[in-house]
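The values are calculated or read from the model by the stated rules, or taken from the named source; none is laboratory data. Note that the coordinates shown come from a computational prediction; the quantities given were computed from them, not determined experimentally. Here the Cβ positions follow ideal geometry from the backbone for every residue, glycine too, while neighbour counts run over all protein chains shown. What goes into the accessible areas is simple: the full protein's heavy atoms, side chains included, and nothing from ligands, DNA or RNA. Shrake-Rupley method; radii C 1.70, N 1.55, O 1.52, S 1.80 Å.
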Amino acid sequence: MDCRDFKPAGGIAAAAVVPAGAAACGTPAQVAAAARPLPLIDDMSFYEERTDASSGIALIEHRLSLVIPREYAATLLEGDTAALWSACGTAAVVDTVSGERLTVGCSERFGAQQPLRLVAVDFTTGDSPRTVPAATLLFTSFDTSPAARSRTPAAH
């Protein structure tokens, strides 16, 4: 097995989120065209899928945690953005370090009915002078399918 098959810690290379109030679904290419990149703080963001099949039907929880500079987050979340992402949801494109592109919050089966929703925002000043003040945005959605996967395009 090639070591590139494993997701390294801090495995998100880039992430882009569809702006609040914009159409957040369609094909993976349409989601990617609508999404806007966020400046991630290195090795702190993650994406995971948790599957619960205890009821006989697989329920997948999609969890996307994006850690961005605090001041950028404050500007990004001005106005109704946080409320719209919480109430109406959004979709995101995540490029992993291992070269995979994931489209999250828009599924083949449910379309835009199960979008990513902003469920928490955590601002921190950091615990040392060398730590960048950050904001963690936690998005979740529930679905019966994993995120759509493709290879990351050579040029971002």
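Which residues among region 54-80 fall inside the zone where the amide N is under 20 Å from a point 7 Å beyond the Cα of T131, along Cα→Cβ?
Those under the cut-off are 65-74.
Just how large is the dipole of the chain about the Cα centre, in debye to the nearest 20, putting +1 at every Lys and Arg Cβ and -1 at every Asp and Glu Cβ?
Dipole about the Cα centre, nearest 20: 240 debye.
Could you give me the ³J(HN,Hα) list for region 124-133, computed from phi with Karplus coefficients 6.51, -1.76, 1.60 and θ = phi - 60°, whole Hz, x at Gly and Pro?
9, 8, x, 9, 8, x, 8, 7, 6, x
In terms of the ratio Rg/(2.2 N^0.38 Å) built on C-alpha atoms, what value belongs to region 32-156? Intermediate values should be presented prior to the final figure.
Working: Rg = 15.3 Å, N = 125, 2.2 N^0.38 = 13.8 Å.
Compared with the compact-globule rule of thumb, region 32-156 sits at 1.11.
Which longest uninterrupted range of the chain lacks any GluC sites (Glu not before Pro) assigned by DSSP to a loop state (not H, G, I, E or B) and surrounded by at most 14 other Cβ atoms within 10 Å? Walk me through the numbers before you get to the answer.
Details: sites that count: E78, E108.
Value returned for the longest uninterrupted segment is 1-77.
Using a probe of 1.4 angstrom, how much of the accessible area of the chain is carbon and sulfur, in percent?
Carbon and sulfur: 54 percent of the exposed surface of the chain.
Show C88, C25 ordered by accessible area, largest first, where the area counts protein heavy atoms only and the probe is 1.4 Å.
Result of the area sort, largest leading: C88, C25.
All other residues with a Cβ under 14 Å from the Cβ of A16 taken together, and with Lys, Arg as +1 and Asp, Glu as -1, what is their net charge?
Details: positive: R36, R101; negative: D95.
In short, +1.
Report the longest stretch of the chain that contains none of the trypsin sites (Lys or Arg not before Pro) sitting in a DSSP loop with at most 16 other Cβ atoms within 10 Å.
Details: sites that count: R109, R130.
It runs 1-108.
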